[in-house]
Amino acid sequence: MCGIVGYTGRSEAAEIILDGLEKLEYRGYDSTGMAINDGKKIRISKAVGRLSVLENLTHGGSTMPGHAGIGHTRWATHGVPSDTNAHPHFNKAKTIAVVMNGIIENYIPLKQTLESKGYEFISETDTETVAHLLDHYYKGDPLHAIVQMMQRIEGSYALAIVFEDRPGEVYAVRKDCPLICGISDDGCFAASDATALLKYTRNVYYLENRIVAKLTQENGIFFYNQDEEEVKLPSKRIEWDSTAAEKGGYDHFMLKEMYEQPKTVRDTISPRIKDGDIVVDELGLSDDDIRKIEKLYIVACGSAYHAGVTGKYVIEGLARIPVETDLASEFRYRNPILVKNSVLIVISQSGETADTLAALRLAKENGIRVLAIVNVVGSSIAREADHVMYTWAGPEIAVATTKAYSAQLCAMYLLAMKFAKVRGVMSSEKFSSMLDDLRKLPDQIELLLGNHDQIARFANRYIAAKDVFFMGRGIDYAISLEGSLKLKEISYIHSEAYAAGELKHGTISLIEEGTLVAAVSTQPDLYEKIISNMEQVKSRGAYVLAITNVGNVAIEKSADCIIHIPDTDPYFSNSLAIIPLQQFAYYIAVARGCDVDKPRNLAKSVTVE
């Protein structure tokens, strides 16, 4: 959500900032802006719309010379998209400029206090409050003013700041919103995401909460705590292939990432299968710890939550450990009863999801051990969890997740199987058989991805659809949730997922002539049940698309169109059934002319409530 880029060094700052902001477009935004300190004054340029508007306005940055500056892509929260509300924001004298991701929760009383002191506000944003607070405290020492300002504001935020009388410096600070710093021979950088820095450096620092970073042109980066004492942060090296954050000839990042799923699944599974066993070196849970687990809580948001729903079925079915699955935003407010000897599993692609991070902290406050399944090394969730299992999906740029979700499913399988074996509830024969099926998944996913022509033709028939319903039973219900989400978030078609047994409890009233119903049927023990549900919607005029296993001939009379998935263990079927559902969502969105990688109103990482 929103994006920040800061730079100070030998090069022209505006060009680097614009390039960095382009790499952050996937995060979602409706306006852009940047502030450049040219050594005499701070110049600001802002524009509503795409980054190209700002690039044209500044002639690619050439009209804003200077070697230090900050830039921003804004997703409106306080105030409508407008040039006035776009970042950066000035103090009245235009000597301090600020960009911010996040929300200042107490900005209204702060604004009222500042107005009583004579400060005038020209925007509707909470960020302008920060600029005026800094002005109020600034007496020539940026660090002191920033520390004083932080003591007054409440909320989650990441800030980048420039001061007119400090022409070679950029300051950055965060609380619960991601912000990293980088350094190269050419200068120092700050950004919301490593993708903005990969072109320039791989040496980065992950800012800790309330640590102030001072970026300088000549002497590197300095870090200070709230007592204004210099502290040291460890440097990390990013090992991503820089081309992983580029389209590589694909029309969209989402399409590229869909086709990267075989590699992602292989990279998640293969290193953890050793000598016929599952070994998760970074897990940090001993066999004795696993045997003592009385209950698991799986907490996540969005697609990660859907992976967690699958995880509940798989872990309970294989390891026989009771599992509660919660939306992170509900978990933290429902005053959950946390059982002794339980483990909280949090799932997040970015590792910065605000509600998931809050759930993690709630569990730790109550003495519950936390295992994080995350994709981004060094993220807040990865740093704060007791144990971490990385998914190694690489950078995922499209807002709608595909490969990260597939990696999360595989993490669930690995944990379930390991727990089951350690706890002695799975035979060695069953374990070996499932390992064989696990190893086959990457090739099977690749086979399904080759079926794109059939899916594209089918999608073209439903570009005018108003409602689509997904249904399944058991694990198939979990995959229906994700299939429905994919369709609605990128095509803007209303879709819902239902446990098929609930049809007669309300949903069937919405079925009418021509309604598309996607029925997922991959569990042999439930074939007859789902066929009955398919017949019920067909009799009311629905067109039924079935996703089912090769060899399920019983379903043929009940479906109008069938997509078969290869044979695998029923617990792994979600990894295969999701592929045609992802493709269906993608091709229907493309046919409707939607912005597939950057859907309206959505952001890649939800770092505020």
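The values are calculated or read from the model by the stated rules, or taken from the named source; none is laboratory data. Just so you know, these numbers come straight off a predicted model, no measurement behind them. Because the Cβ atoms are built from the backbone with ideal geometry, glycine has one as well, and the counts that use them run over all protein chains shown. Surface accessibility is based on the protein's heavy atoms, side chains included, excluding ligands, DNA and RNA. Shrake-Rupley method; radii C 1.70, N 1.55, O 1.52, S 1.80 Å.
Each peptide in 401-411, 447-457 was scored by the mean count of other Cβ atoms within 10 Å over its residues; highest first, the order is 401-411, 447-457. Glu15 contributes about 110 Å² of solvent-accessible surface, heavy atoms of the protein only, 1.4 Å probe. Across all Cα atoms of the chain, the radius of gyration (one decimal) and Dmax (whole number) stand at 25.4, 79 Å. Scaled to the globular estimate 2.2 N^0.38 Å, the Cα spread of segment 273-411, given as radius of gyration, is 0.98. Each of Arg237 and Asp288 was given a label point 7 Å from its Cα along the Cα-to-Cβ line. The distance between the two points is 3.7 nm. Overall, segment 348-487 carries a charge dipole of about 220 debye about its Cα centre when +1 sits on the Cβ of Lys and Arg and -1 on the Cβ of Asp and Glu, all other atoms neutral. If only the Cβ of Lys and Arg carry +1 and only the Cβ of Asp and Glu carry -1, the dipole of segment 1-147 around its Cα centre is close to 320 debye.
For the chain, the dipole from Cβ point charges (+1 on Lys and Arg, -1 on Asp and Glu) about the Cα centre works out to 400 debye, to the nearest 20. Computed with the Debye formula from one identical point scatterer per Cα of segment 169-208, without solvent, the log10 of I(q)/I(0) at q = 0.20, 0.23, 0.32 Å⁻¹ comes to -0.53, -0.69, -1.18. Over segment 392-471, the reciprocal of the mean inverse Cα-Cα separation, the Kirkwood hydrodynamic radius, stands at 16.0 Å. Largest first and in whole Å, the equivalent-ellipsoid semi-axes of segment 1-122 read 24, 18, 12, each the square root of five times a Cα gyration tensor eigenvalue.
Based on the Stokes-Einstein relation at 20 °C and a viscosity of 1.002 mPa s, and on the Kirkwood radius from alpha carbon pairs, segment 412-454 is assigned a translational diffusion coefficient of 180 µm²/s. Any chance you could look up the accessible area of Tyr477 with a 1.4 Å probe, heavy atoms only, rounded to 10 Å²? We get 60 Å² for Tyr477.
Secondary-structure-derived ellipticity at 222 nm for the chain, considering helices only, amounts to -10500 deg cm²/dmol, per-run term -39500 (n - 2.57) for DSSP H runs with n ≥ 4. Please report, to two decimal places, log10 I(q)/I(0) for segment 492-609 at q = 0.14, 0.18, 0.23 Å⁻¹ as given by the Debye formula with identical point scatterers on the Cα atoms and no solvent. For segment 492-609, the Cα-only Debye profile gives -0.69, -1.03, -1.32.
Full extension of the chain between Lys529 and Ser428 yields a length gain of 33.2 nm, computed as 0.36 nm times the residue separation minus the alpha carbon distance. The eigenvalues of the Cα gyration tensor, multiplied by 5 and square-rooted, give segment 101-161 an equivalent ellipsoid with semi-axes of 16, 15, 10 Å from largest to smallest.
Taking Lys and Arg as +1 and Asp and Glu as -1, the other residues whose beta-carbon sits under 12 Å from that of Leu283 total -2. Within the accessible area of segment 445-500, what % is carbon and sulfur when the probe is 1.4 Å and the other protein chains stay in place? The value for segment 445-500 is 51 percent carbon and sulfur by accessible area. According to the Cα-based calculation, Rg over Rh for segment 51-166 is 0.96, with Rh computed by the Kirkwood formula. A convex hull fitted around the alpha carbon atoms of segment 295-340 yields 55 Å³ per residue. Quick check on segment 534-593: take the gyration tensor over C-alpha atoms, sort the square-rooted eigenvalues as a ≥ b ≥ c, and tell me if it's rounded (a/c under 1.5), prolate or oblate. It is oblate, given that a/c is not under 1.5 and a/b is not larger than b/c. Listed values for segment 115-131 are Karplus-derived 3J(HN,Hα) couplings in whole Hz (6.51 cos²θ - 1.76 cosθ + 1.60, θ = phi - 60°), namely 4, 5, 9, x, 6, 10, 10, 10, 10, 9, 8, 7, 5, 4, 4, 5, 4, and x replaces Gly and Pro. If one computes P(r) from the Cα atoms of segment 429-541, what percent of pairs lie at distances over 24 Å? Cα-Cα pairs in segment 429-541 separated by more than 24 Å: 34 percent.
Summed over all non-identical Cα pairs, the Kirkwood treatment of segment 99-233 gives a radius of 15.4 Å. Normalised by 2.2 N^0.38 Å, where N is the number of residues, the alpha-carbon radius of gyration of segment 182-340 equals 1.41.
Accessible area per residue for the chain is 38 Å², calculated with a 1.4 Å probe on protein heavy atoms, without ligands, DNA or RNA. Could you work out what % of the accessible surface of segment 399-443 is carbon and sulfur, using a 1.4 angstrom probe and leaving DNA, RNA and ligands out of the count? Carbon with sulfur: 45 percent of the solvent-accessible area. Bridge orientation summary for the chain: considering DSSP beta bridges with both residues in this region, about 60 percent are antiparallel.
With the Kirkwood sum run over all distinct C-alpha pairs, segment 340-480 has a hydrodynamic radius of 17.9 Å. Taking θ as phi - 60° and the Karplus parameters 6.51, -1.76 and 1.60, the scalar couplings of segment 567-581 work out to 6, 7, 4, x, 5, 9, 5, 4, 5, 9, 5, 6, 4, x, 6 Hz in sequence order, x denoting glycine and proline. Positive end of the dipole of segment 161-245 (Cβ unit charges, origin at the Cα centre): among Leu197, Ile221, Ile211, the Cα lying farthest that way belongs to Leu197. At q = 0.19, 0.30 Å⁻¹, what log₁₀ I(q)/I(0) does segment 127-183 have when each alpha carbon counts as one equal point scatterer in the Debye sum? Reported log10 I(q)/I(0), two decimals: -0.68, -1.43. For the residue pairs Lys94/Lys139; Lys236/Lys274; Lys92/Lys139; Lys466/Lys538, alpha carbon separations beyond 22 Å are given by Lys236/Lys274.
Ordered from highest to lowest accessible area with the whole protein assembly present and a 1.4 Å probe, Trp75, Trp392 read as Trp392, Trp75.
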